[in-house]
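Derivation of every value follows stated rules applied to the coordinates shown; laboratory data play no part. Keep in mind that this is a model prediction, so the values were computed, not measured. Don't worry about glycine lacking a Cβ; one is built from the backbone with ideal geometry, like all the others, and counts go over all protein chains shown.
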Amino acid sequence: AKPITDGSVAPTAGTPTAASLAPLNCVEMHACKRHKRDTQLMRLVDVMANTSDPIVLCAKEYPHVITHPNLPWLEMCGYTLEEVEGLTNNILTGPDTDPAVIADLLECVRREEPSVQALVNYKKGGVPFLNQVTVAPVYDEQDELCSFMSMLREIDTSVPTAAA
């Protein structure tokens with residue numbers, strides 16, 4: 001296998017299927033999780049302890065500026081901490097990023113509900129990649145909303161673009 005040298009994450013084995021890339025409806029997810037919410041809250045301490053998955057924490061208030069990108073996220077996206085401080089995840093959007101998917105993600109954020117979507121994002125320098133993004137509210141020890149987490153999973157680096 002060819003080593004990865006651009007800071008990206010190796011694509012998962014196999015070709016993603018339509019079912020695995022299908023967006024999850026945040027309203028349906030909420031209905032399923034409503035009964036388990038108290039035991040399944042995503043905790044800030046757990047998110048901060050995750051040093052293997054590319055994760056970025058954003059402010060709970062709109063426009064949800066980046067407050068803490070972890071090292072795997074910075075390496076995957078090609079940015080430094082100084083370059084992203086105070087910006088939003090819009091730095092990852094480009095010509096082939098579907099605005100409807102972004103709108104769905106923001107609606108789930110507004111409702112404080114988790115969502116998983118597939119969309120084209122862009123690394124620093126404009127390199128596109130198909131990304132599965134998991135967005136979820138994060139709570140502190142008092143069960144208060146303190147931020148939102150976005151966890152990325154690169155699922156295809158050979159994304160055709162409109163310019164191609």
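Give the Rg/Rh ratio for region 61-160, taking Rg as the radius of gyration of the Cα atoms and Rh as the Kirkwood radius, to two decimals. Don't skip to the answer; put the middle values down first.
Details: Rg = 13.4 Å, Rh = 14.1 Å.
Taking Rg over the Kirkwood Rh, I get 0.95.
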Review point. How would you rank 128-134, 105-111, 57-63, highest first, on the average number of other Cβ atoms within 10 Å across their residues?
Key: 128-134, 105-111, 57-63
Point to revise | Additional length obtainable on full extension of the chain from Asp140 to Glu82, 0.36 nm per residue less Cα span | key: 18.3 nm
